[in-house]
Structure formats: structure tokens, C-alpha cells
1. I need the strands (runs of 3 or more DSSP E) fully contained in region 130-241, keeping only those with at least 1 residues that are under 29 Å from Tyr50 (Cα atoms).
2. Give the residues of region 227-236 that are at negative phi and surrounded by fewer than 21 Cβ atoms within 10 Å (Cβ to Cβ), sorted by residue number.
3. Looking for whichever is modelled with pLDDT under 95 and among the β-branched types (Val, Ile, Thr) here; the options are Val92, Val21, Val6, Val120. Which one fits?
4. When Ala210 is evaluated against the numbered criteria (1) closer than 30 Å to Leu25 by Cα; (2) small (Gly, Ala, Ser); (3) touching a Leu at 6+ places or on another chain (Cβ under 9 Å); (4) surrounded by 17 or more Cβ atoms within 10 Å (Cβ to Cβ), which criterion, by number, is the only one it fails?
5. Just checking, does region 246-253 include any residue being of a type in the set (Asp, Glu), within 16 Å of the chain's Cα centre (by Cα) and in a loop (DSSP other than H, G, I, E, B)?
6. Hey, can you tell me all the residues within region 148-207 that are closer than 30 Å to Leu44 by Cα and touching a His at 6+ places or on another chain (Cβ under 7 Å)?
Amino acid sequence: MSGGDVETGASTRAWGVERVVDTLLEAEHGRHDITRLTEEWDGLDLGAAYRAQRLLIARKLASGESRVGVKLGLTSRAKQQRMGITSPLTGVLTDGMALTAGEPVPFGALIHPRIEPEIVFVMRSRLAGPGVTAATALAAVGSVHAGLEVIDSRFRDFSFAMPDVVADNASSSRFTVSATGVSALGLDLVLEACVLRKNGVVVDTATGAAVQGNPLEALALAANDLASRGEAIEAGDLVLTGGLTDAVFVQPGDEVSAEFTSLGSVTLSVEGTS
């Protein structure tokens, strides 16, 4: 679904973090896409973008949602090269984004959703940087799960600069995680394989190596990145470590499933009307 430009009726209002958040939330709630905010406000650098993300999440929490974890974005080397970065970005998960087993993707509430498979950690203990390594990250993991994330950028054609997508909370929308997890100990997450199917047809395959070379490295990078802003990954948090494959576009009636070697499988069906 397409909309107009970034203006939302306040064309004379000065740009700042609050206007960025107002614009993003209006686009999300109104289900329409917008052009890059970095083209409107040259002050939207990475620092301002994370301040906007924090305010955006604060607004969601004030509306009754609860924080449940962290997500990583741009964890593949190829995507990072395209964006001119060397490490992933982070976003925040809330319970308003969670889909329980069998709960469909609400297509009618979204703009242009895509679905991607994820390796998901549930944290046993707090993980705070700086200086976190894959080994110390592993020690903090309680269990590992199969997951699917529904991403739904508020930007037209998923076209954004790095500060845009950070402010937009890493294109967060919905997610589902398998109810049963496995221990990370003895699990080779680098070689953990995933088969992604859409309507029963295989559309992509990957292994955990697609996520920063090792999902535990991605977890460590997330903890260290959060530490630079005075934050941490908390005990009990869900951590979506990033898409193993490219995300697939979906329409009403579609079904997407991810089958993992050791983590089992997880499925999402799409309902609603366009």
C-alpha cells in the first residue's frame, strides 16, 4: 500500500526526534508508506535515529505494550556492505508484536509485509557489554528456538538509509517463536540449516553462518552495541538474531514455514484483505 510523502499535516513543524517518531507512528497506524526521512532532515544521523527509536518504543510501552526482547537487523555481510556498515543494528521487541502458535499474520494491519526465518535465543541471564564475546554470550543463553519474523518497513519499497531503518525500529512488525527450545550447548549454530517454504514450495535455504558468521557473534555484537547506549540484553529476553535468508513478500492466504535441522519448524499463515 502506498501513501504520500513524509508530511502528516504538520509541514511547518521543525524536524526533530519527536517529529520523526510522530511520522513513523502515523505511517504505521495509517498503514501507508513514506519516503526517507533522511531526505527531509539532515540531522537524522545514527545517534538521533537511536534516540528516535527509544522514544518510539516508549510511546508503545505507554500505550500498554511490554518490552520482551531485542532484535537484530542487517546481520548478513552482503546487506552490511550495501549499507556501508560493519555490524548489525538493533531494535526492540514488544509483546504487541508477538504472534502465538496458530495466530495469523494480520495482513490488513500492515503495509507491505515480508517474512524471514530466524534463530532465536531466550536469555538465561543478563548480557551486558562492552567486551562480550561469542563465548560469554553462549554462557548467557538459556535456550535456542526456531522463529519467523514479519518485517514491515514504513519506507516505500523498503528503501532507506541506515538512520531511517534504525529510527523505524529495524522494520519491526510481528514475530513468532517455537514453544519448545533446545540447549545451545553442543549445538553447532554455524551449521544449523534452515529450509524456507512459501505455500509448500522451497524458496530458500541457509545455515546459521548467514547471521554474522555465527548467531552467537551477532548476539555478542548486539550486547556491545547496546552497551554504547547504556542498555543491555536482560534475563528472559527473546533475541531475534537476524534473517537467515532474504525475506519473502506475502499476500493474504499465503503460508510460510521454516524447518531447521535441530530447532524444529515454525509456520505463519497470512489472513486479511489488501
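1. Ranges flagged: 141-151, 174-177.
2. Listed by number, the residues that qualify are Ala227, Ser228, Arg229, Glu231, Ala232, Glu234, Ala235.
3. That would be Val6, the only listed residue that is modelled with pLDDT under 95 and among the β-branched types (Val, Ile, Thr).
4. (1)
5. yes
6. The one that is closer than 30 Å to Leu44 by Cα and touching a His at 6+ places or on another chain (Cβ under 7 Å): Asp152.
The values are calculated or read from the model by the stated rules, or taken from the named source; none is laboratory data. In this text the structure is predicted, and so the values were computed from the model without any measurement. All Cβ positions, even for glycine, are placed from backbone atoms using ideal geometry, and neighbour counts span all protein chains on display.
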